[in-house]
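Q: The following block contains the structure, expressed as structure tokens.
The values are calculated or read from the model by the stated rules, or taken from the named source; none is laboratory data. Note that the structure is a prediction, hence the values are computed from the model and not measured. Cβ: placed from backbone, ideal geometry, glycine included. Neighbour counts: every protein chain shown. Each accessible area value is taken on the protein alone, full model and side chains, heavy atoms only, with ligands, DNA and RNA left out. Shrake-Rupley method; radii C 1.70, N 1.55, O 1.52, S 1.80 Å.
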Amino acid sequence: MNESTHLPPPLAPIRTHIEAGYPILYVLSWEEQRVETHLSLLAAALDPVRLFFTWTTTDGLSHGAQSTGTAQGDPLAALDFVLDYDAPAVFVLKDFHPFLSQRVDIVRRLRDCYQSLRQTQKTLIILAPKLVMPPELEKEITVLDYPLPDQGEIEEIVVAELKSFRPAATIETDRLRRDAIFRAFLGLTSDEVADIVRKIALRRDAMDVEALEDIIEEKRLLLRKSEILEFIPSPVHMKNVGGLANFKRWAEIRALGFTREARAFGLPVPKGVLITGISGCGKSLLIQALANLWHQPLLRLDMGRVFGGFAGTPEESLRRAILTVEAVAPAVLWIDEIEMGVSVFSDSIESGATSRIFASFLTWMQEKKAPVFIAATANDIDRLPPEFIRKGRFDEVFFVDLPRQQEREDIFRIHLETRGKAASQVSLEGLAKSADGYTGAEIEQAIITAMFEAFNLKRELEIADIYRAMGAMVPLSVTMKEQITKTKRWADNRAVRAS
Ligand SMILES: Nc1ncnc2c1ncn2[C@@H]1O[C@H](COP(=O)(O)OP(=O)(O)OP(=O)(O)O)[C@@H](O)[C@H]1O
Ligand SMILES: [Mg+2]
């Protein structure tokens, strides 16, 4: 067999481009070391074998572990070396991206390289954590994302790291549990995987199913650092959601869309849902219950932060978020208050740049191959651009209205039961009747207020306490009457009722 079967899978598109004679590739990754190692494997596996060079500004050109001393601190000299070199080779340029925006001569020389390398078996690879692309080079350079480690690579990293750091430690042997452990590392860089393995090996003798929680916790901490993606544990069950039967039925039917049988039947993979509606009526709740019903991890993307530049440029943070979610797919990507991301760009001075980011996000949504299901919520539908809700973008657009009588009974029952309280059907009906115009969140709040009153008086909760609490409250449907009427009118033509 040829060696290519052992090459890390992310190399496949790079290999294809090299073999097809593309002279300049731009590989995007934060993982310089990992990608460089992989690329050196690829160079050796190609036919004919390519010599492997790297360039950094401090060491100049190196071959193997050896610095040639050529082109130290001189990117132009590095390109000249490439142009003159006379054998099949791969040249990996690190630290190169800053020059692309600063030096016309470098841009010029790269265009020369493009012409001259086309007829050769020499390939230039710019390896960088961010994309800097002068417009003059857009046609010459092919940009490729380098995916995060998949489960197979993660297994190799974990095994190797344990072996060198703590040889006596054992790894779970049961195949299913072992898979669950490696899967838990998905979405992280190889360095992050290794860091977590060492951290856990300090506390534990075995990388077994009991370590799983530690792994997930560490991962949550790491992703929190990125500040735009957050793992949400989703203990919310559909039966904890009152009413909204239409949505629940839809969710159950679409769950089948992830099966192999659905593919064979000719159905597409579910791509996304947009839930609009009145604040406090269960939008966020529905999404958590959806991920739970589908047994998929739930990741929340903070649009406000993406566009607010809290975690690097919006391009970088969005790209990193997308790669992370794709690595953990199948997964549900929750974009709460998506209109914030949209409207920030329309008001901003830099609206040109940000709307481009948003457009590229829409394109990703349309073309993504990984089974990432987008679950978006929006309160302020006025701020959603029409292209966002046009048919075909989402599988369905739902509208969550104020709960009706039957639904309010459900909500009262659910919130009383989760707090260990019971009420007769008659009481529930009565409560629901006088809660006309209250949101689910307000019903829950009334119950809590009532329970505090009872607790303060050192007695059990009485139904009258709840009536009193409701009476003291002015519901949103009164204070925001106009806004709600407007939202409903909007939804009549554009959305399906969730209940
Ligand atoms: N249909 C419902 N069934 C049970 N509880 C509900 C329901 N609707 C709302 N609640 C309660 O109200 C809380 C707030 O609801 P949720 O966060 O889902 O509202 P939302 O529509 O996302 O509001 P916002 O637009 O303000 O984000 C929930 O945590 C839940 O306790
Ligand atoms: Mg919400």
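Q: Restricting to segment 264-286, and then to whatever is among the polar types (S, T, N, Q) and open to solvent by 10 Å² or more (accessible area, probe 1.4 Å), can you tell me which residue is farthest from ligand 2 (Cβ to nearest atom)?
A: Going through the qualifying residues, I end up with S279.
Q: Working only within segment 260-295, note down all residues that are part of a helix (DSSP H, G or I), farther than 13 Å from A376 by Cβ and within 16 Å of ligand 1 (Cβ to nearest atom).
A: Looking only at segment 260-295, we keep the residues that are part of a helix (DSSP H, G or I), and these are 260-264, 283-294.
Now restrict to residues that are farther than 13 Å from A376 by Cβ: 260-264, 285, 288-289, 291-294.
L285, Q288, A289, A291, N292, L293, listed by residue number.
Q: Taking the condition assigned by TED's automatic domain parsing to the domain that holds K130, modelled with pLDDT of 95 or more and acidic (D, E), does D80 pass?
A: Here the answer is yes, as D80 does meet what is asked.
Q: Continuing with this model, one more query. Can you name every one of the helices (runs of 4 or more DSSP H) wholly within segment 296-358 that holds 1 or more residues which are at pLDDT 80 or above? Steps first, please.
A: Values: elements: 303-308, 314-328, 338-347.
In segment 296-358, 314-328, 338-347 are the helices (runs of 4 or more DSSP H) which contain 1 or more residues that are at pLDDT 80 or above.
Q: Within segment 225-238, track down each residue that is assigned to a helix (DSSP H, G or I) and either under 26 Å from E315 (Cα atoms) or open to solvent by 60 Å² or more (accessible area, probe 1.4 Å) (or both).
A: Filtering segment 225-238 for residues assigned to a helix (DSSP H, G or I) gives 225-226, 238.
Within segment 225-238, K225, S226 meet the criteria.
Q: Another question, then. Six or more apart or on different chains, Cβ under 6 Å: which pairs go from a residue in segment 415-436 that's over 16 Å from A464 (Cβ atoms) to one that's open to solvent by 40 Å² or more (accessible area, probe 1.4 Å)? Could you list them?
A: H415/E444
Q: Take segment 28-84 and flag every residue that is assigned to a strand (DSSP E or B), open to solvent by 50 Å² or more (accessible area, probe 1.4 Å) and within 28 Å of D150 (Cα to Cα).
A: L51, the sole residue that qualifies.
Q: Still on this structure, please answer the following. Could you tell me whether L256 is open to solvent by 60 Å² or more (accessible area, probe 1.4 Å), away from ligand 1 (no atom under 16 Å from the Cβ) and in a helix (DSSP H, G or I)?
A: For L256, the condition - open to solvent by 60 Å² or more (accessible area, probe 1.4 Å), away from ligand 1 (no atom under 16 Å from the Cβ) and in a helix (DSSP H, G or I) - is met.
Q: A follow-up question, please. Of all residues being more than 16 Å from ligand 1 (Cβ to nearest atom) and in a helix (DSSP H, G or I) in segment 362-381, which is most open to solvent (accessible area, probe 1.4 Å)? Just the residue, please.
A: Taking the candidates together, the pick is E367.
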